[in-house]
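The structure appears below as structure tokens.
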Amino acid sequence: GHENAYENILVETRERVGIITLNRPRALNALDAATLREVVSASTALDADPGIGAIVLTGSEKAFAAGADIKEMAGRSAPEMYLADWFAGWDAFTRVRTPVVAAVSGYALGGGCELAMMCDLLIAADTARFGQPEINLGVIPGMGGSQRLARAVGKAKAMDMVLTGRHIDAVEAERAGLVSRVVPAADLLQEALDVAGTIAAKSLPSVLAAKEAVDTAFETTLAQGVHLERRLFHALFATEDQKEGMAAFTQKREPRFTHR
Ligand code: HXC
């Protein structure tokens, strides 16, 4: 099991879905160094478990996460930030191969918005509020916000949010393409678990290849990306699950995938 003794997160599994819940209520789930270590540790362990096919990352009703921990950073010098390579540890979270669904209710600000954007797809409660308010602190986003927001919503809205610090609500976030679905707050976790369960029921090699292919769209040229996609597509014909999936279609039945 994954129910280790963490201090700032809760970890549980439901069938093939792992659930990581940020749980620092007194700081609205502000992401300090200890929380970073725990999220990376838990997500890496779930990623290594062949019994897990998708991960849900969520917070509380009031806050997914209200940012990086301002109090932990406030007094630090530039050399300290540089030598510690502050926030670089989050890169390990982005290397998780298992799809991660962010279920966002309430505040997703600064590092909270950036952490949500590190996930593969975002589902928002109608109470969600996204923002990059670092400009109000005399700094800028430091966990990838300027890059992932620009890719997700385009230059105009990214500049608007990063330069003014204004929050956007769930409706605006969906319209901008930051989130894939908005649901009533009471239904958020169930919706995220349904999506994660749907993904976890597919053949894992095709899921990992699909995620790798889409991620590559943000890292390379169109020609290179299309080339990688075609090679991954060809490689999947080496799996039993490709034979089973296509046989099940022609026989008008549900596939029984081996690699789940
Ligand atoms: C540390 C935080 C925090 C944070 C909230 N808290 N956000 N502590 N870091 N990012 C703490 C508060 O200090 C307070 O603790 C407790 O959580 C509850 O917060 P309140 O402010 O009392 O709640 P509320 O009035 O409801 O306001 C909610 C809020 C506000 C609008 C989300 O907390 C807020 O503006 N938070 C900061 C948002 C932000 O700027 N995030 C970006 C951070 S920088 P105490 O003990 O004082 O009562 C970042 C990127 C890094 O993420 C780049 C470098 C900075």
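Throughout, read-outs are computed from the coordinates displayed, never taken from laboratory work. Note that the structure is predicted; figures quoted are calculated from it, not measured. Cβ: placed from backbone, ideal geometry, glycine included. Neighbour counts: every protein chain shown.
Legend: calculated FRET efficiency, S41 to K62, from the Cβ-Cβ distance at R0 = 30 Å, rounded to 0.05, equals 0.75. Derived scalar couplings between HN and Hα for segment 237-243 equal 6, 7, 8, 4, 5, 5, 4 Hz in order, rounded to whole Hz, by the Karplus curve 6.51 cos²θ - 1.76 cosθ + 1.60 (θ = phi - 60°), x for Gly and Pro. Put the Cα centre of segment 173-202 next to the Cα centre of segment 226-253 and the gap is 26 Å. Quarter the surface of the alpha carbon convex hull of segment 76-134 and you get the mean projected area, 4.7 square nanometres. Between the alpha-carbon centres of segment 9-71 and segment 136-169 there is a gap of 23 Å. Approximating the spin labels as points 7 Å out from Cα along Cα→Cβ, the T258-to-A74 distance works out to 5.9 nm. Volume per residue of the convex hull around the Cα atoms, evaluated for segment 214-260, comes out as 95 Å³. Note that segment 124-187 carries a Kirkwood radius of 12.0 Å, evaluated over its alpha carbons pair by pair.
The antiparallel fraction among DSSP beta bridges confined to the chain stands at about 25%. Lys pairs in the chain, Cα-Cα under 27 Å, at least 8 apart or on separate chains: how many? Summing the qualifying lysine pairs gives 9. Any chance you could give the angle, 0 to 90 degrees and rounded to 10, that helix 155-164 forms with the longest Cα principal axis of the chain? Roughly 30 degrees between the two axes. Residue by residue, segment 88-93 carries 3J(HN,Hα) couplings of 4, x, 5, 4, 4, 5 Hz when phi is fed to the Karplus relation 6.51 cos²θ - 1.76 cosθ + 1.60 (θ = phi - 60°); x denotes Gly or Pro.
The calculated pair-distance distribution of the chain uses every alpha carbon pair, bins of 5 angstrom beginning at 0, and gives 1, 6, 12, 16, 18, 17, 12, 8, 5, 2, 1, 0, 0, 0 percent.
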